[in-house]
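The values are calculated or read from the model by the stated rules, or taken from the named source; none is laboratory data. Quick caveat, the model's predicted, so the values are computed rather than measured. Here Cβ is always computed from backbone atoms with ideal geometry, including for glycine, and neighbour counts include all displayed protein chains.
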Amino acid sequence: MRIAAGDSLHPGGYSLSAHAVRLAEIKRGARILDIGCGRCETMRRLHADFGFLMTGCDLAPRPAEAASALDCAAPLHVAAADAMRLPFADAVFDAVLSECVLSLVPDKDKALRECRRVLKNGGTLILSDLFRQPCAPPSASVAESCAAHAHNEAEFQTALSRAGFRVIHKEDHTKALRELAARLVFAGESASALTGAGCARPRYQLLIATTALQETISHE
Amino acid sequence: MSTMKVLNQDFSQWKCTLCGVNLKPMPVELEYLDSHFNVELPACPECGQVLIPEDLALGKMAEVESLLEDK
């Protein structure tokens, strides 16, 4: 997968991440949380290119080791954590970045509420992920794939509203998903985990959402 | 993005008919429907002519084309 996708393991790679933060007009010096930061490649490059103060979290064991192994001018703050239980105080981040992650989280409502909790009022959620239209359930052959966990678009929009977010921008980047699938094929791996079949074929969307200006949601 | 190795066979015995030079594995950019991929393919180091083996064309490349066409 890394041969096909590089160190930013999501469709669009770092190019899409950089495009997203420009679109969201995130200011230099902003504190950003990268959920599912993996090897911290995106964090390192966003810090170097945009001057953001990056914090990351991931379920992968000891992500701090991956961070320390990187050649970066400033230390990265990385925590081993679950997206449904973020180990951060309320209202500490200017933006939360989630790239091809939430579709794999069992309780999306919980994860979105946590995103809202750690964001300052007026903060920004930058989310790119797999989405599908309502259709017949996916076949058994893709039941365990990423495509099978793609968000139902209408339900996810509702979940965002419930969590206190307002979508201000949406872009389709399905081409990036297809290109990643193509790279997997060239690398000799199966692309079925990303592609699904028929009406279950996912799209890849970038959403920029802001927090509704309200009282900070307390930690539950 | 790094150059992907897409072939396992050795094509070093193949020669370019124009240049008479043995082919070498070289980075090649493939383009289809505005998507670009850097792969390693046997090519002539003199004139740059690239060899695309039939099983690659009918196998991985055909699958990639289908993916990009969203069929």
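Looking at B:LEU18, is it within 12 Å of chain A (Cβ to nearest Cβ) and surrounded by fewer than 13 Cβ atoms within 10 Å (Cβ to Cβ)?
Judged against the criteria, B:LEU18 is not a match.
Among residues belonging to the stretch A:103-127 that are of a type in the set (A, V, I, L, M, F, W, C) and over 21 Å from A:ILE168 (Cβ atoms), point out the one that is surrounded by the most Cβ atoms within 10 Å (Cβ to Cβ). Result: A:VAL105.
Inspect all residues belonging to the stretch A:86-108 and state whether any of them is modelled with pLDDT of 90 or more, assigned to a helix (DSSP H, G or I) and farther than 26 Å from B:THR3 by Cα.
Let us first name the residues in the stretch A:86-108 that are modelled with pLDDT of 90 or more, namely A:86-102, A:105-108.
Filter once more, so that each one left must be assigned to a helix (DSSP H, G or I): A:102, A:108.
Now drop any that are not farther than 26 Å from B:THR3 by Cα, which leaves A:102, A:108.
Yes - at least one qualifying residue is present in the stretch A:86-108.
Has the stretch B:36-56 got at least one residue that is out of contact with any strand residue (DSSP E or B) (no Cβ under 9 Å at 6 or more places or on another chain) and either closer than 25 Å to A:PRO202 by Cβ or not in a loop (DSSP other than H, G, I, E, B) (or both)? Scanning the stretch B:36-56, I find at least one residue that is out of contact with any strand residue (DSSP E or B) (no Cβ under 9 Å at 6 or more places or on another chain) and either closer than 25 Å to A:PRO202 by Cβ or not in a loop (DSSP other than H, G, I, E, B) (or both), so the answer is yes.
Give the residues of the stretch A:146-174 that are in a helix (DSSP H, G or I), over 17 Å from B:GLU63 (Cβ atoms) and either touching a Leu at 6+ places or on another chain (Cβ under 8 Å) or without any contact (Cβ under 8 Å) to a residue 24 or more places away in the chain (or both), sorted by residue number. Before you say what the answer is, go through the steps one by one.
Taking the stretch A:146-174 and keeping what is in a helix (DSSP H, G or I), we get A:147-149, A:153-162, A:174.
Add one more test, that the residue is over 17 Å from B:GLU63 (Cβ atoms), and what stays is A:148-149, A:153-162, A:174.
Across the stretch A:146-174, the qualifying residues are A:HIS149, A:ALA154, A:GLU155, A:GLN157, A:THR158, A:ALA159, A:LEU160, A:SER161, A:ARG162.
Summed over the stretch A:30-78, residues that are at pLDDT below 60 and at negative phi total 14. Restricting the stretch B:36-71 to residues that are of a type in the set (Val, Ile, Thr) and more than 9 Å from chain A (Cβ to nearest Cβ), the residue that is surrounded by the most Cβ atoms within 10 Å (Cβ to Cβ) is B:ILE52.
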